[in-house]
Amino acid sequence: MWVLRTPTGVGSLELQTTSMSFSLGPRDVLVRIRAASLNPRDLAKINHLHPTPVKESLIPGSDDAEIVLEVGSDVHDFCVGDNIVTHIATHLSDEAFATTDDMIQGLSQQRDGTLCEIGVFSDTALVRMPKNLSFEEAATLTCSGLTAWNALFGHPGKVVHDGDHVLVQGTGGVSIAALQVRKAMSCIASCVSCGVGSGTDNCERIACSSSRCNSRSYNKQPRKVESPERTWRFTRNQLSHNQELGQSILVTRPGGVLSVVGASGGFEGERPDILKVLFRGVSLRGIVMFRNMVEFIEAKNLQSAVDGVTFALKYLKAAVERLRKGEHFSKIILRD
């Protein structure tokens, strides 16, 4: 297992031997983790750039796919041998909205995360894994998959429908997951990305596999989001540059949905006045939404996109460096 002693960079990660002595509470589940994935939030925590506190000697990571080894006396939804995935907010009721405090108390914050071989999690933090996905594919769902799903289906009365216009930005896990969902929904979509290489090529392959979608790429420059008719109903903004947020507001039609996810490029540039309002509108819901996404993935037989380079868990530092350099496509996977 990996332990983050002090968040001072990748050098503060220590590979340790996992203890095999576990005492399960009534609602605990003992699991063997088969695959995990990295998120920008992991990189931020390692480098002490995350805005919320984390516990000392933290096992980082929040996304994984695992097999149940043992269950507590009051666990009824899971059995030994079940394949499951984690939910980042560990003690929410089924349909509750996650508050900032819920997230702080969740995985890879005040509770140990998923970058280990064996772990113990509350049954309220677990969801059945889609039957049609491999462990590597399912390990992308906790943050990226559910965030994309929430952006498209999480707003009552404003869920995505066939024929809706969807704009996503970048080639990270959330954008690619949103592109794959839009394909299953026959939406009209566009992907605006930055950079060259396999990430851009894969984005174009996913985006342009339908005549109802197009892709644009820009090489290492702030990208201008254009839509002459302002017809985008759903806009997914990564906020890699403040200018892009203002552009995204302009190209989202009245009554549309703009989802602000992350801040990979910082907050330089002129900041739109609406910023705080938009951030307050970003929401994470409980287990029910995750279960609905799992059912959709199985019904549509969606296959989660992953990076072409995978790592054994012991090579976490190399995986983090690939994430830091932005050399990956979609999600970086670590395997047992």
Based on the Cβ-Cβ distance from ALA184 to VAL288, what FRET efficiency comes out when R0 is 25 Å, to the nearest 0.05?
0.80
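If each residue of separation counts as 0.36 nm, what is the full-extension length gain between SER134 and THR100 once their alpha-carbon separation is subtracted? Mind dumping the intermediate values first?
Values: separation 34, 0.36 × 34 = 12.24 nm, distance 3.14 nm.
So the extension gain works out to 9.1 nm.
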Computed lengthening from GLU117 to GLU56, 0.36 nm per intervening residue step minus Cα-Cα distance
20.0 nm
Taking the Cβ of ARG34 as the center, what net charge do the other residues with Cβ under 11 Å away carry, scoring Lys and Arg +1 and Asp and Glu -1?
-3
Once label points are set 7 Å from the Cα along Cα→Cβ at both VAL80 and ILE67, what is their separation, rounded to one decimal in nm?
1.3 nm
Suppose each label sits 7 Å from its Cα in the direction of the beta carbon; what would the HIS48-LYS325 distance come out to in nanometres?
2.6 nm
Enumerate the amide H contacts of LEU58 below 5 Å, restricted to partners 5 or more residues apart or on another chain; note that Pro and chain-start residues carry no placed amide H.
LEU4
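Computed from the coordinates by the stated procedures, all read-outs in this text should not be read as laboratory data. Only a predicted model underlies this, so the values are computations on that prediction, with no experimental measurement involved. Note: ideal-geometry Cβ built from the backbone for every residue, glycine included; neighbour counts use all protein chains shown.
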